[in-house]
Amino acid sequence: MSNIKLGAQLYTLRDYIKTYEDCEETFKFLNSIGINVIQISGIGPIEPEKVAYLVDKYNMDVCCTHTSFDRMREDLDAVMKEHEMLHCDTLGIGGMPQQYRENAESIAEFIKITSEIGKRMHANGMQFAYHNHSFEFEKLDNGRRIMDTLIEDTKPEEFSFIADTYWMQYGGVNPCDYIEKIANRMKVCHFKDYKMVNNTPTFAEIGTGNLNLDAIYNTCKSSGVKYIVIEQDLCEIDPRDSMAISYKNLVDIAARNN
């Protein structure tokens, strides 16, 4: 049996976590559909102590966050203390700032900065994690893909990953291939499905698109993934209804592959 825990990336529900009161109602909703695993991202300006209170009150397992890269650089000690309150040891960023994406030299500078951040986190029992989009699968001026550079030029204890299945597919690669490349360097994987509408790729609820999520789930199992969370950037229906559909289908995927 797999011990992968299933849950929600709160960014999907960002319109419903802008205030303390909204956040509490959203946590109640997630509990009502069986979710107590969350990634915190897109939350409103709520005091960390209040967020931690709700996390404990609703028995939420915070698997990771998306945290401001500027805050990581400028206020890391405070950021780590806030994560201790959330019982969360994985601090992710949602993507590479634009100024580092230009060429091999700028990527190397990004790696230098993040590796130093990751080293400080690791010394405090925490882990830096990087979430991909599709641009990471572009080739640099030296012929290497950005994603391959991030994998090959970093140390596992300083730099881990949050793979995003939709953006890997959008970037023209097989998600399973890259999940295998970062085996044992990824605690959390983002599941979102990928469908075509009028010849245009778009987001879909889990199990309603074209991705082979059964194969991806099994690759996650064999690659040391501990959590799978649902993230859908844009929803055609109420995001809460979307989350409920996706979670039910994700539970079904897990059940038939365990």
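At a glance:
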quantity: Mean-position separation - Cα centroids, the range 168-193 and the range 101-140, in angstrom; calculated: 16
quantity: FRET E, pair residue 105, residue 199, Förster distance 51 Å, beta-carbon r, rounded to 0.05; calculated: 0.85
quantity: Estimated FRET transfer efficiency (residue 87, residue 113; beta-carbon r; R0 22 Å; 0.05); calculated: 0.25
quantity: Extended-chain gain in nm, criterion 0.36 nm per residue less alpha-carbon gap, residue 124 and residue 248; calculated: 41.0 nm
quantity: Ranked list, fewest to most other Cβ atoms within 10 Å of each Cβ, for 86, 30, 234; calculated: 234, 86, 30
quantity: Projected label distance in nm at residue 18 and residue 31, using a 7 Å step from Cα toward the beta-carbon; calculated: 2.5
quantity: Ranked 73, 120, criterion: other C-beta atoms within 10 Å, fewest first; calculated: 73, 120
quantity: Karplus-derived HN-Hα couplings along the range 200-206 (A = 6.51, B = -1.76, C = 1.60, θ = phi - 60°), whole Hz, x at Gly and Pro; calculated: 10, x, 8, 6, 9, 4, 3
quantity: Equivalent ellipsoid semi-axes - Cα gyration tensor, the chain, angstrom; calculated: 26, 24, 17
quantity: The chain, dipole about Cα centre (Lys/Arg Cβ +1, Asp/Glu Cβ -1), debye to the nearest 20; calculated: 620
quantity: Helical mean residue ellipticity (222 nm; -39500 (n - 2.57) per DSSP H run of 4+; nearest 500) of the chain; calculated: -12500 deg cm²/dmol
quantity: Scattering profile of the range 81-182 at q = 0.12, 0.18, 0.21 Å⁻¹ [log10 I(q)/I(0), Debye over alpha-carbon scatterers]; calculated: -0.39, -0.86, -1.11
quantity: GNM flexibility winner over the chain from 138, 205, 236 (Cα, springs under 10 Å); calculated: 236
quantity: For the chain, built as a Gaussian network whose Cα springs stay under 10 Å, the top-fluctuating residue of 94, 207, 172; calculated: 172
quantity: Selected from 187, 248, 221 as most flexible by GNM, with the chain as the system and alpha-carbon contacts under 10 Å; calculated: 248
quantity: Per-residue ³J(HN,Hα) for the range 159-171, Karplus 6.51 cos²θ - 1.76 cosθ + 1.60, θ = phi - 60°, Hz, x for Gly and Pro; calculated: 8, 10, 10, 10, 6, 10, 5, 4, 6, 5, 4, 4, x
quantity: Taking 137, 161 and counting other C-beta atoms within 10 Å, the order from fewest to most; calculated: 137, 161
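Bear in mind these aren't lab numbers, they're just calculated from the coordinates by the rules spelled out. None of the values given here were measured: they were computed from a predicted structure. Ideal geometry is used to build each Cβ from the backbone, glycine not excepted, and the neighbour counts take in all protein chains shown.
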